[in-house]
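> Mind looking over this structure? Questions follow.
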Amino acid sequence: MSTADKGRVIVLGGHGKIALLAAPKLKDAGYAVESVIRSADQRGDIEAAGASPVVLDLENADAEALTQAFSGAQAVVFSAGAGGGSPERTRSVDFEAAARTMDAAEAAGVKRFVMVSYAGAGVDADRLDPEDSFHPYAQAKHDADAHLRQTGLDFTILGPGRLTLEPASGKITIADFEGTIAGQAPAGDEAVTSRENVAEVLAHVLSDGAAIGRTVNFYDGDTPIAEAIN
């Protein structure tokens with residue numbers, strides 16, 4: 001299958017670890033991958049992953065620029081983030097820029113949108129102390145996910161646990177909306193998800209049209225991805 005058989009996928013936050021792992025998997029699944037990056041210096045890493053680099057600053061790009069970039073694409077993947085720092089910039093990137101990309105995808109006629117969130121994003125903003133340093137991120141991700149659910153997009157929200165650099169096992173355990181399993185919070189060493197497993201899940205839900213309209217929280221586990229998510 002050629003890389004264009006399934007059309008274009010736009011990956012936002014293209015230089016992130018998950019995005020760099022996902023690009024070759026999406027290419028192998030039959031997509032042409034365009035990875036959006038802030039700096040032209042990152043072009044080489046994008047090309048090495050089998051994707052085409054697109055230099056665009058998501059934090060400052062307006063709706064028109066985003067809509068133009070997304071035109072004709074089959075899907076948009078949001079895997080960008082401020083990466084910590086000030087609460088203001090976290091809000092700007094993880095919520096405001098994310099919401100603009102969703103609205104632009106709709107305006108461009110793109111139906112499929114996959115958000116990389118985290119397990120528990122649906123509830124952390126309410127259960128964390130507002131003074132907790134993690135709270136601005138939890139609130140931004142909660143609000144971005146909520147905005148996505150209100151769009152007309154065929155969305156999937158992926159909620160991995162604490163991310164690791166372990167190689168993909170191809171097997172996961174599904175958690176509930178709060179990130180718990182059978183009502184119990186997983187132990188520390190069980191609440192992890194390999195970044196490469198996230199990339200595998202991302203490629204699966206896109207290529208198989210799985211989990212449309214759903215939030216999927218998951219950790220590394222024992223069930224093959226295609227069996228766990230349909």
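The values are calculated or read from the model by the stated rules, or taken from the named source; none is laboratory data. For clarity, every value in this text was computed on a predicted model and none was experimentally measured. All Cβ positions, glycine included, derive from the backbone under ideal geometry; neighbour counts span all protein chains shown.
> Of the residues that sit in region 35-51 and are among the charged types (D, E, K, R) and in contact with a strand residue (DSSP E or B) (Cβ under 9 Å, 6 or more places away or on another chain), which one is nearest to Lys17 (Cα to Cα)?
Ranking the qualifying residues of region 35-51, first place goes to Asp45.
> Ala140: crowded, with 21+ Cβ neighbours inside 10 Å and over 18 Å from Ala29 (Cβ atoms), yes or no?
Numbers: crowded, with 21+ Cβ neighbours inside 10 Å: yes; over 18 Å from Ala29 (Cβ atoms): yes.
Against the criterion (crowded, with 21+ Cβ neighbours inside 10 Å and over 18 Å from Ala29 (Cβ atoms)), Ala140 qualifies.
> So if I check each of Ala138, Ala119, Ala146, which one is of a type in the set (A, V, I, L, M, F, W, C), modelled with pLDDT of 95 or more and closer than 18 Å to Met102 by Cα?
Ala146
> Residues that are within 24 Å of Ala97 (Cα to Cα) and in contact (Cβ under 8 Å) with a residue 60 or more places away in the chain: find the helices (runs of 4 or more DSSP H) completely inside region 1-76 holding 2 or more of those. Break it down stepwise before answering.
Values: elements: 17-28, 43-48, 63-70.
Filter on region 1-76 gives 17-28.
> Does any residue of region 220-230 turn out to be at pLDDT below 95 and either in contact with a strand residue (DSSP E or B) (Cβ under 7 Å, 6 or more places away or on another chain) or more than 21 Å from Lys27 (Cβ to Cβ) (or both)? Steps first, please.
Step one: of region 220-230, the residues at pLDDT below 95 are 230.
The next check asks that each one be either in contact with a strand residue (DSSP E or B) (Cβ under 7 Å, 6 or more places away or on another chain) or more than 21 Å from Lys27 (Cβ to Cβ) (or both); those that pass are 230.
Yes, the conditions are met somewhere in region 220-230.
> Kindly check whether there is at least one residue in region 121-134 that is in contact with a Leu (Cβ under 9 Å, 6 or more places away or on another chain), within 22 Å of Lys17 (Cα to Cα) and in a loop (DSSP other than H, G, I, E, B). I'd like the intermediate steps shown before the answer.
The initial filter retains those residues of region 121-134 that are in contact with a Leu (Cβ under 9 Å, 6 or more places away or on another chain), namely 134.
Still in the list and also within 22 Å of Lys17 (Cα to Cα): 134.
Subset that is in a loop (DSSP other than H, G, I, E, B): 134.
There is at least one residue in region 121-134 that is in contact with a Leu (Cβ under 9 Å, 6 or more places away or on another chain), within 22 Å of Lys17 (Cα to Cα) and in a loop (DSSP other than H, G, I, E, B).
> What are the residues in region 77-88 that are surrounded by 17 or more Cβ atoms within 10 Å (Cβ to Cβ) and either touching a Cys at 6+ places or on another chain (Cβ under 9 Å) or outside any loop (DSSP other than H, G, I, E, B) (or both), if any?
Residues satisfying the conditions are Val77, Phe78.
> Could you run through region 56-92 and say how many residues are touching a Gly at 6+ places or on another chain (Cβ under 6 Å) and closer than 22 Å to Phe134 by Cβ?
2
> Which residues, counting only those in region 135-171, are more than 17 Å from the chain's Cα centre (by Cα) and part of a strand (DSSP E or B)?
Once the filter is applied, which keeps residues that are more than 17 Å from the chain's Cα centre (by Cα) and part of a strand (DSSP E or B), region 135-171 yields only Lys171.
> Identify, by number, the condition in (1) buried (at least 23 other Cβ atoms within 10 Å of the Cβ); (2) under 24 Å from Arg38 (Cβ atoms) that Arg91 doesn't meet.
Status for Arg91: all satisfied but (1).
> Also, quick follow-up: Quick check, is Ala146 without any contact (Cβ under 8 Å) to a residue 24 or more places away in the chain and of a type outside the set (S, T, N, Q)?
The answer is yes for Ala146.
> Okay, next question. Please state which one of Ala199, Ala175, Ala191 is buried (at least 16 other Cβ atoms within 10 Å of the Cβ) and farther than 13 Å from Asn217 by Cβ. Write out each step before concluding.
On the way: Ala175 fails: farther than 13 Å from Asn217 by Cβ; Ala191 fails: farther than 13 Å from Asn217 by Cβ.
Testing whether each residue is buried (at least 16 other Cβ atoms within 10 Å of the Cβ) and farther than 13 Å from Asn217 by Cβ leaves just Ala199.
> Scan region 134-153 and give yes if some residue there is aliphatic (A, V, I, L, M), touching an Asp or Glu at 6+ places or on another chain (Cβ under 7 Å) and over 21 Å from Gly13 (Cα atoms), otherwise no.
So far as region 134-153 goes, no, none of its residues is aliphatic (A, V, I, L, M), touching an Asp or Glu at 6+ places or on another chain (Cβ under 7 Å) and over 21 Å from Gly13 (Cα atoms).
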